[in-house]
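Structure first, commentary second.
The values are calculated or read from the model by the stated rules, or taken from the named source; none is laboratory data. All values reported here derive from a predicted model rather than from experimental measurement. Note that we place each Cβ from the backbone using ideal geometry, even for glycine, and neighbour counts take in every protein chain shown.
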Amino acid sequence: MPSRQRHHGEPCRERCQKRLSSRQYDDLFDLLSRIDESSQHYEIPRECREARERKEASEKAGCEVFGVFRNKVLISTAATSAATSVGAMLTGVATLPSERGQGLATAVVTALCQDCFAHGLEYVCLYYENPVAARIYHRIGFVDIAGFGMMSQRGK
């Protein structure tokens, strides 16, 4: 089981969790290229260009990407997609394998969901297959509905 010890005694909530700008998409794609589940999408330059175009279009449509940095290196991330006036889908949750077990995914997903609700969204939904991820999402407040995880601002 991974160690729960924080680097330099620093709790996760004090790490830099911030909205990424399009200037930081190279950092995002570098992180995603090192995750087994997503690496194949970032191996070919053409695919990286297409991913950047999709991410920039999503950003213009109101989608967000949040990240946790340590020493200026992106180590954990989460994003929204399919944003509407009432909700968005949580996507792209990833943490470097060497950084897992420290609450980073929990911190970045929580910050992103709080931001969604602060900006007037009523729902954040997601789809997952990973049982470890499921425990994180349930702990944050997502509930399973017809194969998807849902979190409502009203449920708090």
Point to revise | Options 58, 98: the member that is surrounded by fewer than 13 Cβ atoms within 10 Å (Cβ to Cβ), touching a strand residue (DSSP E or B) at 6+ places or on another chain (Cβ under 9 Å) and part of a helix (DSSP H, G or I) | key: 98
Point to revise | Residue within the stretch 105-119 that is on the phi > 0 side of the Ramachandran plot, not polar (S, T, N, Q) and not in a helix (DSSP H, G or I) present | key: no
Review point. In contact with a Phe, Trp or Tyr (Cβ under 6 Å, 6 or more places away or on another chain), in a helix (DSSP H, G or I) and under 26 Å from residue 23 (Cα atoms): does that describe residue 52?
Key: yes
Practice item. Scan (1) touching a Leu at 6+ places or on another chain (Cβ under 7 Å); (2) under 20 Å from residue 24 (Cβ atoms); (3) modelled with pLDDT under 90 for the single condition residue 74 breaks and write down its number. Key: (3)
Exercise for review: Looking for whichever is hydrophobic (A, V, I, L, M, F, W, C), without any contact (Cβ under 8 Å) to a residue 12 or more places away in the chain and either under 22 Å from residue 35 (Cα atoms) or buried (at least 17 other Cβ atoms within 10 Å of the Cβ) (or both) here; the options are 132, 108, 73, 93. Which one fits?
Suggested key: 132
